[in-house]
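*Asks:* Quick one: the structure is below, and I'll ask about it shortly.
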Amino acid sequence: RELIAQAIGVEVADFTYTQQTHTTNVKRVYARERGQSFPETDGMITDVPGICLVTSYADCVPLYFVDPVKKAIGLSHSGWRGTVGKIGKNTIQLMQENFGSKPGDLLAAVGPSVCMDCYEVSGDVIDQFKEAFEKKYWEDLFYKKENGKYQLNLWKANELIFLESGILPEHMAITNVCTHCNSKILYSHRTMGNNRGNLCAFLALK
């Protein structure tokens, strides 16, 4: 942790964490809460310089948000439950409510995570995505295989959530790095099961 803190120019005491449980709960972090770890929380926002938001992953999707106008940030963990529940949209709305952020000003990114080719899910998961996303997007989000299972595209789903929330296409960066495809250098739950570590995403205002 000391090496990471030094590399990104913060103190270890600035690292502020979520105890992720695949919710859509997003927490505003105040100056007095620097260094804490929040239960039942999968996303954080702050406008306090120096606080470093930290979330962890091993196939799920990191979502980054930066408001260069209002000087605020957000970082959220989005597995399939977070994605179908649109935690990205929740994060953006909370930044609007707390900081006056305008979606058109936000810079957003989808970080390294499992790709569509590597992410097989069951029909009950797809049923929830059918409820959450318009039918015109289904072809881009998933397809059914001969074994009755589906391949699901979390990258595209979160990109659609960004667009739905008002983020401009030119303000988005969508990863092409799959954790499962690159499991020799990145942690992947689908590859390693529980015998693994976690990747972390870090975001702070200088």
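*Asks:* To the nearest 0.05, what FRET efficiency results for residue 131 and residue 98 with a Förster distance of 41 Å applied to their C-beta separation?
*Replies:* On the way: r = 29 Å, r/R0 = 0.70.
That pair, residue 131 with residue 98, gives E of 0.90.
*Asks:* Separate question: For a quick check, take a GNM of the chain with Cα springs below 10 Å and name the residue from 114, 125, 29 with the largest mean-square fluctuation.
*Replies:* Taking springs between Cα atoms under 10 Å, the residue moving most is 125.
*Asks:* Now a separate question. Determine the shape class of the chain: with a ≥ b ≥ c the square roots of the Cα gyration tensor eigenvalues, call it rounded for a/c under 1.5, and otherwise prolate if a/b is greater than b/c, oblate otherwise.
*Replies:* Working: a/c = 2.00, a/b = 1.36, b/c = 1.48.
Oblate.
*Asks:* Can you pull out the trypsin sites (Lys or Arg not before Pro) in the range 138-172 that DSSP calls coil and that have at most 12 other Cβ atoms within 10 Å? Please list the in-between numbers first.
*Replies:* Working: sites: 144, 145, 149, 156; in loops: 145, 149.
Of the trypsin sites (Lys or Arg not before Pro), the ones in loops of the range 138-172 whose Cβ has at most 12 other Cβ atoms within 10 Å are 145.
*Asks:* Can you tell me the accessible area per residue over the range 57-143, all protein chains present, probe 1.4 angstrom, in square angstrom?
*Replies:* Numbers: 3560 Å² over 87 residues.
Counting only protein heavy atoms, the per-residue value for the range 57-143 is 41 Å².
*Asks:* Given the Cα-Cα distance of residue 149 and residue 36 and 0.36 nm per residue of separation, how much length would full extension add, in nm?
*Replies:* On the way: separation 113, 0.36 × 113 = 40.68 nm, distance 3.99 nm.
Stretched out fully, the residue 149 to residue 36 stretch lengthens by 36.7 nm.
*Asks:* Among 91, 53, 29, which residue has its Cα positioned farthest towards the positive end of the charge dipole of the range 11-101, with +1 placed on the Cβ of Lys and Arg, -1 on the Cβ of Asp and Glu, and the dipole taken about the Cα centre?
*Replies:* 91
*Asks:* How big is the charge dipole of the range 123-168 about its Cα centre, in debye rounded to the nearest 20, if each Lys and Arg gets +1 on its Cβ and each Asp and Glu gets -1 on its Cβ?
*Replies:* 140 debye
*Asks:* Counting other Cβ atoms within 10 Å, which GluC sites (Glu not before Pro) in the range 32-111 have at most 12 and lie in a DSSP loop?
*Replies:* On the way: sites: 33, 40, 97; in loops: 40.
Counting only loop positions with at most 12 other Cβ atoms within 10 Å, the GluC sites (Glu not before Pro) in the range 32-111 are 40.
*Asks:* Order the peptides 2-15, 171-184 from the highest to the lowest mean number of other Cβ atoms within 10 Å of their residues.
*Replies:* On the way: 2-15: 13.6, 171-184: 15.3.
My ranking of the peptides, most packed first, is 171-184, 2-15.
*Asks:* Ok, one more. Name the cysteines of the chain that stand alone by the Cβ rule: no other cysteine Cβ under 4.7 angstrom.
*Replies:* 52, 60, 118, 200
*Asks:* Let me ask another. Rounded to the nearest 0.05, what FRET efficiency is calculated for residue 196 and residue 121 with R0 set to 22 Å and r the Cβ-Cβ distance? Walk me through the numbers before you get to the answer.
*Replies:* Details: r = 20 Å, r/R0 = 0.91.
Efficiency for this residue pair is about 0.65.
*Asks:* Taking all protein chains as present, what is the carbon and sulfur share of the accessible area of the range 12-154, in % to the nearest whole number, probe 1.4 Å? Kindly include the intermediate steps, with their values, before the conclusion.
*Replies:* On the way: 2810 of 6050 Å².
Of the solvent-accessible surface of the range 12-154, carbon and sulfur hold 46 percent.
*Asks:* Then there is this: Hey, which lysines would be in cross-link range of residue 71, C-alpha to C-alpha under 21 Å, not counting anything within fewer than 8 residues on its own chain?
*Replies:* Residue 71 reaches 27, 89, 102, 206.
*Asks:* For a Förster distance of 25 Å, can you work out the FRET efficiency between the beta-carbons of residue 140 and residue 170, rounded to the nearest 0.05? Please report the intermediate quantities before stating the final value.
*Replies:* Values: r = 20 Å, r/R0 = 0.79.
It comes to 0.80.
*Asks:* Go through the range 142-174 and name the GluC sites (Glu not before Pro) that are in a DSSP coil and have 15 or fewer other Cβ atoms within 10 Å of their Cβ.
*Replies:* Numbers: sites: 146, 159, 164, 170; in loops: 146.
Filter output for the range 142-174: 146.
*Asks:* So, with +1 on the Cβ of K and R and -1 on the Cβ of D and E, and no other charges, what is the size of the charge dipole of the chain about its Cα centre, to the nearest 20 debye? Write out the running numbers ahead of the final one.
*Replies:* On the way: 22 positive and 23 negative charges, 38 e Å.
Dipole magnitude for the chain comes out near 180 debye.
The values are calculated or read from the model by the stated rules, or taken from the named source; none is laboratory data. Keep in mind that this is a model prediction, so the values were computed, not measured. As a convention, Cβ positions derive from the backbone with ideal geometry for all residues, glycine included, and neighbour counts pool all protein chains shown. Accessible surface is based on the protein model in full, side chains and every heavy atom, while ligands, DNA and RNA are left aside. Shrake-Rupley method; radii C 1.70, N 1.55, O 1.52, S 1.80 Å.
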